[in-house]
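K.L.:
Got a structure here, written out as structure tokens. Questions coming.
Please treat every number below as a calculation from the coordinates, not as lab data. As the structure is a prediction and not an experimental result, all values here were calculated from the model. Note that each Cβ is placed from the backbone with ideal geometry, even for glycine, and that neighbours are counted across all protein chains shown.
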Amino acid sequence: MDDPVLLTGASGHVGTAILGDLADEYEWRLLDRDPPTNEAEYPGDFYVADITDEDAVREAVDGCGAVIHLAGDPRPSAPWNSVLNNNIDGTHAVLQAAVDAGVEKVVFASSNHAVGAYETDERTPEMYRPDDDFRLDGTELPRPKNVYGVSKAAGETLGRYFYDMHDLSFAAVRIGNLTKGHPPEDYERGQAMWLSYRDCAHLFDCCLRADYEYEIVYGISDNDRKYYSIDRAREVLGYDPQDNSAEFAE
């Protein structure tokens, strides 16, 4: 990609994983609400702005070929007012600015929390219970169990709207349990949805390089135990994860 890539929420957990492997792969523009402690550590121009500041977002997006949108309130316990302002309104601001600037594609950091109730609600039909015979694959409806998950489902729906109405390519990555090291050995759920830093960077790299229309994929490594399918990410994006939580669990 010849044009710059805007990375919102650049200083966060996912942004750190992406830049750790891809700092030299693209011309970056970085946006975060907090100034960096050492701007020299970050590649590209750094914009200090809130994601709900539409003018600042438009300035950062202008001239970019793609956007990776990570910014928002990441807390599963976040209150409604915060996810409404930061996650829903903020995502709308980014998508609208992207369309107005002629951006080709947006990659959105969704979350496993958008479908969390499939795992925990006893009313879930058997066909949707994660086991060895079925894995959630992105075709199922959202089923959040907190308002943070609601905001991520809303972001996916906003992406659908902007694809249908404005032909903006959009990929939502439902991120699992992203950790820099191995997942806790006694945390089975965390191992099933583990995403390593290098697989995270690789997956978002695939999202930037591949051609697609509207996609929802799961962001996990190639773990022996899985709640989620990565088949769609493999087929459409060329995702080829290298890590497996079972290698650490043993």
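K.L.:
At 0.890 mPa s and 25 °C, plugging the Kirkwood radius over alpha-carbon pairs of region 143-222 into Stokes-Einstein gives what diffusion coefficient in µm²/s? Mind dumping the intermediate values first?
P.N.:
Values: Rh = 14.0 Å.
Diffusion coefficient, whole number: 176 µm²/s.
K.L.:
What is the spin-label model distance, in nm, from ASP62 to ASP224 if the labels are put 7 Å beyond Cα along the C-beta direction?
P.N.:
Output for this residue pair reads 5.5 nm.
K.L.:
Got a sec? How would ASP186, ASP62 order by Cβ neighbour count within 10 Å, fewest to most?
P.N.:
Details: ASP186 8, ASP62 15.
Result, fewest neighbours first: ASP186, ASP62.
K.L.:
Also, I was wondering about something else. Considering the dipole of region 5-249 built from charges on the beta carbon (Lys and Arg +1, Asp and Glu -1) around the Cα centre, which of VAL106, LEU84, HIS166 is farthest to its positive end?
P.N.:
LEU84
K.L.:
Of LYS105/LYS152; LYS105/LYS145; LYS105/LYS180, which ones are farther than 22 Å apart at the Cα? Provide the component values of the computation, followed by the final result.
P.N.:
Details: LYS105/LYS152 18 Å; LYS105/LYS145 29 Å; LYS105/LYS180 27 Å.
Correct reply: LYS105/LYS145; LYS105/LYS180.
K.L.:
Given +1 on the Cβ of Lys and Arg, -1 on the Cβ of Asp and Glu, and no further charges, what dipole in debye does the chain carry about its Cα centre, rounded to the nearest 20? Before the final figure, lay out each step's value.
P.N.:
On the way: 21 positive and 49 negative charges, 151 e Å.
Approximately 720 debye in magnitude.
K.L.:
If you fit an axis through the alpha-carbon atoms of helix 147-166 and take the longest principal axis of the Cα set of the chain, what angle between them do you get, 0 to 90°, nearest 10?
P.N.:
The angle comes out near 60 degrees.
K.L.:
A further question on this structure: Would you kindly state how much longer the chain becomes between ALA23 and VAL99 on full extension, computed as 0.36 nm times their sequence separation minus their alpha carbon distance, in nm to one decimal? It would help to have the intermediate numbers written out before the result.
P.N.:
Values: separation 76, 0.36 × 76 = 27.36 nm, distance 2.52 nm.
Between ALA23 and VAL99, full extension yields 24.8 nm more.
K.L.:
Using all alpha carbons of the chain, what is the percent of pairwise distances in each 10 Å bin, ordered from the shortest bin to the longest?
P.N.:
Pair shares across the bins are 8, 33, 39, 18, 3, 0.
K.L.:
At 0.36 nm per residue, minus the direct Cα-Cα distance, what do ASP231 and ARG189 gain on full extension? Give it in nm, one decimal, please. Present the calculation step by step, with values, prior to reporting the outcome.
P.N.:
Numbers: separation 42, 0.36 × 42 = 15.12 nm, distance 1.97 nm.
Full extension of this stretch gives 13.2 nm more.
K.L.:
Relative contact order (percent) for the chain, with alpha-carbon contacts under 8 angstrom and 6 or more residues of separation?
P.N.:
18
K.L.:
Now for a separate question. What's the extension gain from THR157 to HIS182 if we count 0.36 nm per residue and subtract their Cα-Cα distance? Before the final figure, lay out each step's value.
P.N.:
On the way: separation 25, 0.36 × 25 = 9.00 nm, distance 3.23 nm.
Using 0.36 nm per residue and subtracting the Cα-Cα distance, I get 5.8 nm.
K.L.:
Divide by every residue of the chain the summed helix terms, -39500 (n - 2.57) for each DSSP H run of at least 4, and state the resulting mean residue ellipticity at 222 nm, rounded to the nearest 500 deg cm²/dmol.
P.N.:
Computed ellipticity for the chain at 222 nm equals -9000 deg cm²/dmol.
K.L.:
Can you give me the Cα centroid spacing of region 1-30 and region 84-106 in angstrom?
P.N.:
Region 1-30 and region 84-106 have Cα centres spaced 17 Å from each other.
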